[in-house]
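All remarks here apply to the structure that follows.
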Amino acid sequence: MTNRVDIQREPDVVLARQAARRAAIEMGYSLVDQTRITTAVSELARNIFLYAGRGWMEYRHVARSDRKGLEFLFQDEGPGIADIDLAMTVGYTSGGGLGMGLSGSQRLMNEFEIQSRLGEGTTIRIVKWLG
Amino acid sequence: MEKTSIVKIQNVLIVTLQGDIDDHSAQELQQEILQSVIHHQVSGVVIEVSQLELVDSYMGRILSDTARMIRLMGAETLLAGLRPMVAITIVEMGLSIEGVKTALNLEDALEVLKGGRAAAPSLGRDG
Amino acid sequence: MSVKGQEAFTPWLSTVQKTPWVTRGVVSIEETERLGRALWEGMFLAASTGCLPEVLQKTLQEISVMGSRNHLTPTETAQFVFSMRPYVKDMVRGQGDNLLMTLLDEAGVYVFEVYLKSREEVILNQRQDLLELSTPVIRLWDGILAVPLIGTMDSKRTQQIMEKLLNMIVDTSARVTILDITGVPTVDTMVANHILKTAAAVRLLGGSLIITGISPAIAQTMVYMGVDLSSVITRSIMQDGIALALDMLDKEIVLKSHSTAG
């Protein structure tokens, strides 16, 4: 199962996090984990809209040994991130936010992986394990 | 926006946030609250957030900015009824909602504004 | 009902019946026969495939779990399998003894592994139970909660405590919470950070957090390590914390004689 939410307009950020919450509820995540997942998705979906203009989110169930989880993939073909370490720094922002988007969502999830190429786009993969 | 209400009771403005608010609506709401503070000449604003399911960095920024703007206009802001799960997420992300005082619920907030008791110390550096 | 190699199976089974499995009443004679048969047939299958088939693994798992649940040692548990050693050479004629011995060793090691794993699970569950037991949230007074922390604070435990405490604060409209760390053996930078996080979350809800149980040793450590707890209200003993909490709620404890006299 892979689902996709296109992110092109600002209200799509809301659609993305609502889809994330539904998926988290369906899989039986605790209330805290639902909130963590939804918040991280909100941050990353907004980043696509803010920095790349358009992109998409894909999400699916994943399993590793005896664990189950939810994986979200955020992809855009925007300008890319020149310095990922700098972008991950708490408080650093190039878009007028709090500069907590990337580092904050990393803290809320179990796995966080970012790949970016200048002029080609950015891909971020996050996973939250169940239980 | 249709889910959000702003009510004036005596000299306090009570703003109730509900559901899932997109960034643009949050901006508009800030405008509307500031306008209402001037229009009604209130001395206190309670932002009731018990129905808010999520505070991410953007919403956190809006809340803290709005509180600081209201203070510049001479009124006090209290954030009331934040959900435990939302509080945990805010702390774990490392967000600090600066300059906002908090209260357990609406009743508690009104008591603080009436001068009945001290609020929980405001959060962050400018508290 | 007979099995392949019946002439070796029967004497092996009577050997098993002399092991702690039967002598200590872990399994009945009938149960031994059922398990023994499954094991025996599994080994036949293993001999023909050269590896441990899934059906045999299932039997071995069953043996391991039974052994560990019934307080047999790992060696006693594996004895069920290793007792086959003198008999397997008669089990399949024409098969190289070496292959069977290797497979038997593999089966024995497998039993050990599953045994240890199931033990680990038991320990993990007990630790979880202990964690939950050791962090009660107490309604001390109207509007005041107390959390006596005992044991080490790690991030998982902090999360659990935070969740439980915050829900209680909302449910009971508690304005003040006293977190007593007398029972926390070491307070380092990490523990201090967990305390600060909890304090920040409590404040977001509109409550206040008082930390009590700051011993001279903890106070010294905090200052030497440069940990800044100045944003949190702290007291050395819980009694002072309670007095402060009552004061914050405009309450005080009055001696009976005073109140009647007044």
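Overview of values
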read-out	value
Test: residue in the stretch A:15-28 that is over 17 Å from residue B:95 (Cα atoms), acidic (Asp, Glu) and more than 11 Å from every other protein chain (Cβ to nearest Cβ)	yes
Residue C:253 assigned by TED's automatic domain parsing to the domain that holds residue C:161 and over 25 Å from residue B:50 (Cα atoms)	no
Single condition residue B:33 does not satisfy, out of (1) at pLDDT below 95; (2) more than 14 Å from every other protein chain (Cβ to nearest Cβ)	(1)
Test: residue in the stretch B:65-81 that is buried (at least 22 other Cβ atoms within 10 Å of the Cβ) and either under 17 Å from residue A:101 (Cα atoms) or hydroxyl-bearing (Ser, Thr, Tyr) (or both)	yes
Options C:78, C:8, C:46; residue that is touching a helix residue (DSSP H, G or I) at 6+ places or on another chain (Cβ under 9 Å), in contact (Cβ under 8 Å) with a residue 24 or more places away in the chain and more than 17 Å from residue C:111 (Cβ to Cβ)	C:8
For residue C:6: the one exception among (1) surrounded by fewer than 14 Cβ atoms within 10 Å (Cβ to Cβ); (2) at pLDDT below 90; (3) within 30 Å of the chain's Cα centre (by Cα)	(3)
The listed residue being over 26 Å from residue A:14 (Cβ atoms) and aliphatic (A, V, I, L, M), out of B:72, B:52, B:79	B:72
Candidate set: the stretch C:205-254, residues that are within 14 Å of chain B (Cβ to nearest Cβ) and out of contact with any strand residue (DSSP E or B) (no Cβ under 8 Å at 6 or more places or on another chain); chosen: the one nearest to residue B:108 (Cα to Cα)	C:250
Selection from the stretch C:125-178 of residues that are more than 11 Å from chain B (Cβ to nearest Cβ), of a type in the set (Lys, Arg) and closer than 20 Å to residue B:84 by Cα	C:139, C:156, C:157
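Here is a yes/no grid of residues against (1) away from chain B (no Cβ under 14 Å); (2) more than 17 Å from the chain's Cα centre (by Cα); (3) crowded, with 23+ Cβ neighbours inside 10 Å:
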{"residue": "A:1", "(1), (2), (3)": "yes, yes, no"}
{"residue": "A:10", "(1), (2), (3)": "no, no, no"}
{"residue": "A:54", "(1), (2), (3)": "yes, no, no"}
{"residue": "A:61", "(1), (2), (3)": "yes, no, no"}
{"residue": "A:69", "(1), (2), (3)": "yes, no, no"}
{"residue": "A:84", "(1), (2), (3)": "yes, no, no"}
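The rows are residues; the columns are (1) under 18 Å from residue C:119 (Cα atoms); (2) in the same structural domain as residue C:120 (by TED's automatic domain parsing); (3) at pLDDT below 90.
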site: C:27; (1), (2), (3): no, yes, yes
site: C:38; (1), (2), (3): no, yes, no
site: C:46; (1), (2), (3): no, yes, yes
site: C:50; (1), (2), (3): no, yes, yes
site: C:64; (1), (2), (3): yes, yes, no
site: C:70; (1), (2), (3): yes, yes, yes
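The values are calculated or read from the model by the stated rules, or taken from the named source; none is laboratory data. Nothing here was measured: the structure is a model prediction, and the numbers come from that model. Glycine gets a Cβ as well: all are built from the backbone with ideal geometry, and neighbour counts include every protein chain shown.
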